[in-house]
1. So B:Ala104 clears everything in (1) at pLDDT below 95; (2) more than 21 Å from B:Cys391 (Cβ to Cβ); (3) not hydroxyl-bearing (Ser, Thr, Tyr) except one condition, right? Which one?
2. Please specify each residue of the range A:352-376 satisfying the condition of being touching a residue at least 40 places away in the same chain (Cβ under 8 Å), at the interface with chain B (Cβ under 10 Å from one of its Cβ atoms) and charged (D, E, K, R).
3. Conditions first: (1) under 29 Å from A:Ala55 (Cα atoms); (2) at pLDDT 95 or above. A:Val221 passes all but one, so which condition is the exception?
4. Would it be correct to say that B:Ala372 is out of contact with any helix residue (DSSP H, G or I) (no Cβ under 7 Å at 6 or more places or on another chain) and within 14 Å of chain A (Cβ to nearest Cβ)?
5. Kindly provide the set of residues from the range B:141-165 that are open to solvent by 40 Å² or more (accessible area, probe 1.4 Å) and either under 30 Å from A:Asp286 (Cβ atoms) or within 14 Å of chain A (Cβ to nearest Cβ) (or both), ordered by number.
6. Considering A:Leu246, A:Leu206, which residue is of a type in the set (A, V, I, L, M, F, W, C), modelled with pLDDT under 95 and closer than 30 Å to A:Val356 by Cα?
7. Can you name the residue in the range A:354-379 that is within 13 Å of the chain's Cα centre (by Cα) and of a type in the set (Val, Ile, Thr) and, of all such residues, is nearest to A:Ala131 (Cα to Cα)?
8. For the range B:403-415, what are the residues that are within 27 Å of B:Asp43 (Cα to Cα) and either among the hydroxyl-bearing types (Ser, Thr, Tyr) or touching a Pro at 6+ places or on another chain (Cβ under 8 Å) (or both)?
Amino acid sequence: MGAIDTELACIDPAALAATVERELDPLVGRIDRGLYPAAALRALGAQGAFRHHLATQRPDGRRDLVGAIDALGAIGRSCGSSAFMGWCQDACAWYVEQGASETLRRELLPKLASGEVLGGTGMSNPMKYFASIERLALQGTRVPGGWRVSGRLPWVSNLGPDHVFGTAFMPLGPDGAPRTGAGVEVMALVRCDWPGVTMTEVPPFLAMDGTGTYGLAFDEVFVPDDHVLADPIGPWLKRIRNGFVLMQVGIGAGIIEGCVALMRESNLRLGHVNAFLEDGPDQIEDELGALHDRVAVLADAVLDPADARFAEVLTARLMASELTLRATQSAMLHTGAGGYSLASPAQRRLREGYFVAIVTPAIKHLRKELDRLMSAGVR
Amino acid sequence: MSEAARALRRWLCEACGLVYDEARGDPDSGLEPGTRFEDIPEDWTCPVCGVTKADFRPIEPAPPRIAPAAGAAAGAAPAATPATMQAGEGVVVVGAGTAGWAAARALREAGWSGPITLVTACDGTLYPKPVLSVALARGLSAQALAERSGPELAAELGVRLLARTWALDLDVARRRLLTTRGTLRASHLVLATGARARRPALAGAGASRLFAVNDLAAYARLRDAFDAALARAAAERRAPRLAIVGAGLVGCELADDFAGAGAEVTLLEARLLPLAERLDAATGARLRDALGARGVRFSGGAVVREVLVPSGAQADDAQLGLVWEAGGGSHAGRFDLGLVAAGIEPELRLARRAGLPVARGVVVDAETLACADSRVYALGDCAEVDGRLGCTIEPIGRQARTIAGGIVGRPVPYVVRDPVWVVKTPSLPLTIRPALAATAAAS
């Protein structure tokens, strides 16, 4: 039983924190400016950071979504970019574990869980498409043994030449007409090194430039049937969506914790003036605790396909975005001119915080979707 | 004559907002046009909400309205925010029905000069809800029922109106309200989330075609569908056929109203008589017969088995087929329009999310109308006072004054009164004054 003991030790929070300190802390500034930390991510994976939520990849066979969120929090406390990449990895593995491909579950999933293979999620466009915000960017036609897929995805993160990612496309019939109906799209896992997949550099971002983010062009890319995760996508999407959204709370939680630490540090010297600021560290920490409790309750029912549950999940995610914005702004105000220096983490936190509120589902997207669900009578 | 006409006045029911116009009288109650308020018998009650004459006040002639010029100076603006108040704090009212607006008005009347924000999923239009079920007889379109637009009323009361905004979650301890348009901080919160029409689960593909009406927007859709039904029936040289499932207060009132407008109404009720919950058998039978004389086909002891989409129905019309059992036999009918009147249930999602005590409604203190947290209040259809739900319009104005008094620090203890049910069925107008139920042990 030695192997099991080792694996259980791998998901020990203290060990994870030590890995973050050793592998990530020294790189944080460079990741912010464009370094993709492949080795650090693999080390985190080897530590077990990306397997908490994967029941099939744990010796105890238990799904621990809160563990996944807390691991992302531990990473995000140091580096928001890495927490986001960790979430990409978690989401990609989640797609495969919940997907229909036995081959991928057997051959790829263990490698995603351990960080040996790194994965991204090309689901920003599909998620916005399902919320009636964008058109679906990829289209596929049926060919023997699979699909030929074409189109462009503007931004997909946590990519590299040998990485994988999940995405969805609209199947076209022989006459070129899209399938009709709700939830009829196809979900697949794609490899960056497949013929016809072109990764293009994207212009620099305000922050988080080291997240391995590329534009992707699909030119008649052959997707074999054993890489199809769901066809049609509908029931699968309802299974994965709570986990997809809830795990993002970990990115925000990590940034918020980092901000609380910055505020406390700043208060040692400037507490007498910082007392005049709203949203001090105790208050932010208190609200983060309440949010964590809420998320823990929702995590117990992560596979619940009901819209009412999804509305609660979206609400928690909205709270995470709003609290992240308040925390990062407050950390900036607490640290003052010192925080305004490009050498200070406070300004980086501010830029990372906006990302939490902008990445799919963005605050505006969440509110629009909640408005739709409430108007439809979801309670 | 002109001298006398000038002297005629109009009187406002403080409970429900009904206007008694001396010039028009109240023919339904036998008051001829020109009947002065003083001359109305003392046992007369408000035809809408049932309060007595004492709850009416004369309406003074309205001062001429002066539209503020564009970019008008701050002097014309509503109450300013006290400098000591943190940005965004103030009273937040959730819901813009009769109760929400009553709370905002009562706050201003009680002297609250701080900010008031009213959050509502609808557009904030104020309308007299009890009139929904008698609008046809009064010749009122759904549009004509709207008394004031939300923005107009908000401007008058100095209220920031967040219309088409859903309240998602309430953090009571921190008094933060999460909405689809941002998070509001509040010094006090007033829950006026109202109730929604109950929709019993009925079998069949046509079940979603049944209308359920508990607000103006739903009523407007019903009237549009009725207009379409009238046109279809006229083309076929027959009366429009309307099915109403449920013969409670609203079901009976709407049956009478639509029958009066020429519809052939079938009224299905699981109990043996209409309004069986509130009327003794003899009176229930009289109501049944009075409705029958009006052309309403009442079917007591009826259980709906299935709601069908009849052949030839379009996706966007309201036609439906009903299959029901009654009197030991099975019945079926095709209707141009169907609606279900199965009562209302308080809208408690927000209170539940907030962790406030909830029983059948939001449980509030019977004297202060405060929830467990002394800075959160509830009134109207969503509130449970002394173990009972409101469900009538009468208490709302008094509840609003109690809450406003609590917020400004001049308590106005609430007094639980016997509910009065005015059954607005012109075929047989009824006023029900049940004795107070024994004080419920439930809380």
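1. (1)
2. If the condition is that a residue be touching a residue at least 40 places away in the same chain (Cβ under 8 Å), at the interface with chain B (Cβ under 10 Å from one of its Cβ atoms) and charged (D, E, K, R), then A:Arg367, A:Lys368, A:Glu369, A:Arg372 are the ones that fit.
3. Condition not satisfied by A:Val221: (1).
4. The answer is no for B:Ala372.
5. B:Arg160, B:Arg164
6. A:Leu206
7. The selected residue is A:Thr360.
8. Within the range B:403-415, B:Tyr414 is the sole residue that qualifies.
The values are calculated or read from the model by the stated rules, or taken from the named source; none is laboratory data. All of these numbers come straight from a predicted model, not from anything done at the bench. When we count neighbours, we look across all protein chains shown, and the Cβ atoms used for this are built from the backbone with ideal geometry, even at glycine. In case anyone asks, the SASA skips ligands and DNA or RNA and just uses the protein heavy atoms, side chains included. Shrake-Rupley method; radii C 1.70, N 1.55, O 1.52, S 1.80 Å.
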